[in-house]
Amino acid sequence: MRVLIADDDAVSRLHLQRVLTKLGHEVVETSDGQETWERFQAEPTPVVILDWIMPRVDGLEVCRMIRAEHRPRYTYVIMLTVLGGRGSYLEGMEAGADDFMTKPFDVDQLMARLRVAERILGLQAELRQLEGLLPICSYCRRIRDARSSWMTLERYVASRTETEFTHGICEDCYATQVKPQLAAIHARPA
């Protein structure tokens with residue numbers, strides 16, 4: 001799994017990078033919050049591990065910025081910081097962190113938390129896939145909605161988006177449907 005780590009302390013960042021690499025993760029490193037945000041914007045990452053106290057933009061603000069994006073693919077955020085206690089934990093969670101760990105971190109706990117992240121991201125991907133499935137009648141092409149009501153494709157799409165439909169005839173249908181009908185009409189005796 002791809003993990004973006006942000007820590008201004010080079011020793012902490014190197015240690016975290018080595019642990020994550022040894023666990024089989026692809027690691028992208030940044031050293032401050034602004035750089036982290038720019039990297040995330042350029043290449044969204046499924047898991048972000050943020051130090052809270054960093055120059056330019058702190059980890060708490062980066063977490064808020066990630067959450068404000070409302071991206072279709074969820075990002076799991078772990079706050080990893082020297083700040084401990086109930087107040088820091090609650091503030092981190094309020095900012096949108098999914099998990100909170102204090103430094104120095106325990107490798108086994110980090111492994112467990114990354115497994116949780118993988119499960120949650122997997123479930124969300126599965127949910128997106130299920131939401132993308134539309135039960136459609138093989139004969140009339142109507143779609144069944146969440147209340148088990150059948151409706152036309154046009155009505156279904158229009159009720160969920162701002163899409164408006166205009167109707168026309170494609171070249172294939174003109175050739176196979178309309179043209180033979182016109183020929184039959186013109187062939188009838190007057």
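A few points about this structure:
- Criterion applied to ILE120, ILE136 was being outside the structural domain of LYS22 (by TED's automatic domain parsing) and aliphatic (A, V, I, L, M), and the one residue passing it is ILE136.
- Subset of the stretch 1-12 [surrounded by fewer than 18 Cβ atoms within 10 Å (Cβ to Cβ), of a type in the set (A, V, I, L, M) and either at positive phi or within 18 Å of the chain's Cα centre (by Cα) (or both)]: MET1
- The stretch 17-71, subset of a type in the set (Gly, Ala, Ser) and touching a Lys or Arg at 6+ places or on another chain (Cβ under 8 Å), residue nearest to ILE5 (Cα to Cα): SER31
- Picking from residues in the stretch 13-32 that are buried (at least 18 other Cβ atoms within 10 Å of the Cβ) and either charged (D, E, K, R) or modelled with pLDDT under 90 (or both), the one that is farthest from ALA112 (Cα to Cα) is ASP32.
- Residue within the stretch 28-39 that is charged (D, E, K, R), farther than 24 Å from HIS15 by Cβ and either in the same structural domain as LEU14 (by TED's automatic domain parsing) or within 23 Å of the chain's Cα centre (by Cα) (or both) present: no
- Counted residues, the stretch 54-95 - those being closer than 24 Å to LEU127 by Cβ and at pLDDT below 85: 3
For every residue, the table says whether it meets (1) more than 18 Å from ASP98 (Cβ to Cβ); (2) in a helix (DSSP H, G or I).
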site	(1), (2)
GLN17	yes, yes
LEU20	no, yes
GLN34	yes, yes
PHE40	no, yes
THR45	no, no
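- Boolean, PRO72 is within 18 Å of the chain's Cα centre (by Cα) and assigned to a loop (DSSP other than H, G, I, E, B): yes
- Exclusive hit being more than 30 Å from LEU16 (Cβ to Cβ), in contact (Cβ under 8 Å) with a residue 12 or more places away in the chain and surrounded by 10 or more Cβ atoms within 10 Å (Cβ to Cβ), set LEU182, LEU110, LEU121, LEU153: LEU153
The values are calculated or read from the model by the stated rules, or taken from the named source; none is laboratory data. This structure is a prediction, so every number in the text was calculated from the model and none was measured. Please note: Cβ atoms are built from the backbone with ideal geometry, for glycine as well, and neighbour counts cover all protein chains shown.
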